[in-house]
Amino acid sequence: MNITKEKEEIIIRLPFWKKRSNPYMPNEDVGKYPSLTGLIIKHRKDGNHYDEIGFAQTIDMDYASKSDQIGGFVITWDGEEKEFIEKCKELGLKIKYRDF
């Protein structure tokens, strides 16, 4: 990760791909996965009606023969859901939805 400041902006550079690791095959190249996933959390239970939108950490689960998991938000999105979906498509990121 590379974080810098240019004038009045903070620039965060993350690698798009991360190398998968498998503790059962430490000397083999087992592929790569995107470091971020688009995440939209819709809060609807108990009268709550708000959404959390942003880019979340992708957790490598390939070593356990499972789908990758989604961690916490790395960057939250301050725009509309539709714009976020378009940005994820532009970046080539998958989007996951969670309902609470």
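With the requirement that a residue be within 30 Å of GLU28 (Cα to Cα), over 15 Å from the mean Cα position of the chain (by Cα) and aromatic (Phe, Trp, Tyr), what does the stretch 45-100 give you? Passing the criteria: only TYR63. Looking only at residues that are basic (Lys, Arg) and in contact (Cβ under 8 Å) with a residue 24 or more places away in the chain in the stretch 26-47, which one is nearest to ILE95 (Cα to Cα)? Selected residue: LYS42. Filtering the stretch 58-100 to residues that are over 17 Å from ILE41 (Cα atoms) and either in contact with a His (Cβ under 9 Å, 6 or more places away or on another chain) or of a type in the set (A, V, I, L, M, F, W, C) (or both) leaves ILE59, MET61, ALA64, LEU91. Taken over the stretch 27-39, the criterion of being part of a strand (DSSP E or B) and surrounded by 15 or more Cβ atoms within 10 Å (Cβ to Cβ) is satisfied by TYR33, PRO34, LEU36, THR37, GLY38, LEU39.
Quick grid of which residues meet (1) touching a residue at least 40 places away in the same chain (Cβ under 8 Å); (2) outside any helix (DSSP H, G or I); (3) within 21 Å of PRO15 (Cα to Cα); (4) among the acidic types (Asp, Glu):
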| residue | (1), (2), (3), (4) |
| --- | --- |
| ASP51 | no, yes, no, yes |
| GLY54 | no, yes, yes, no |
| SER67 | no, yes, yes, no |
| ILE70 | no, yes, yes, no |
| ILE75 | yes, yes, yes, no |
| GLU86 | no, no, yes, yes |
| LYS89 | no, no, yes, no |
| LEU93 | yes, yes, yes, no |
| TYR97 | yes, yes, no, no |
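In the condition set (1) under 24 Å from MET1 (Cβ atoms); (2) surrounded by 15 or more Cβ atoms within 10 Å (Cβ to Cβ), LYS42 is compliant with all but (1).
Of note, ASP62 satisfies the criterion of being charged (D, E, K, R), out of contact with any Ser or Thr (no Cβ under 8 Å at 6 or more places or on another chain) and surrounded by 10 or more Cβ atoms within 10 Å (Cβ to Cβ).
Listed here are the residues, each with its yes/no results for (1) of a type in the set (Lys, Arg); (2) at pLDDT 95 or above.
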{"site": "GLU8", "(1), (2)": "no, yes"}
{"site": "ILE11", "(1), (2)": "no, yes"}
{"site": "LYS32", "(1), (2)": "yes, yes"}
{"site": "ILE40", "(1), (2)": "no, yes"}
{"site": "ASP46", "(1), (2)": "no, no"}
{"site": "ALA56", "(1), (2)": "no, yes"}
{"site": "TRP77", "(1), (2)": "no, yes"}
{"site": "ILE85", "(1), (2)": "no, yes"}
{"site": "ARG98", "(1), (2)": "yes, no"}
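Selection within the stretch 68-90: residues that are aliphatic (A, V, I, L, M) and under 9 Å from PHE55 (Cβ atoms). The member of this set that is surrounded by the most Cβ atoms within 10 Å (Cβ to Cβ) is VAL74.
The values are calculated or read from the model by the stated rules, or taken from the named source; none is laboratory data. Since the model is a prediction, treat every value here as computed from it, not as a measurement. Here the Cβ is made from the backbone with ideal geometry for all residues, glycine too, and neighbour counts use every protein chain on show.
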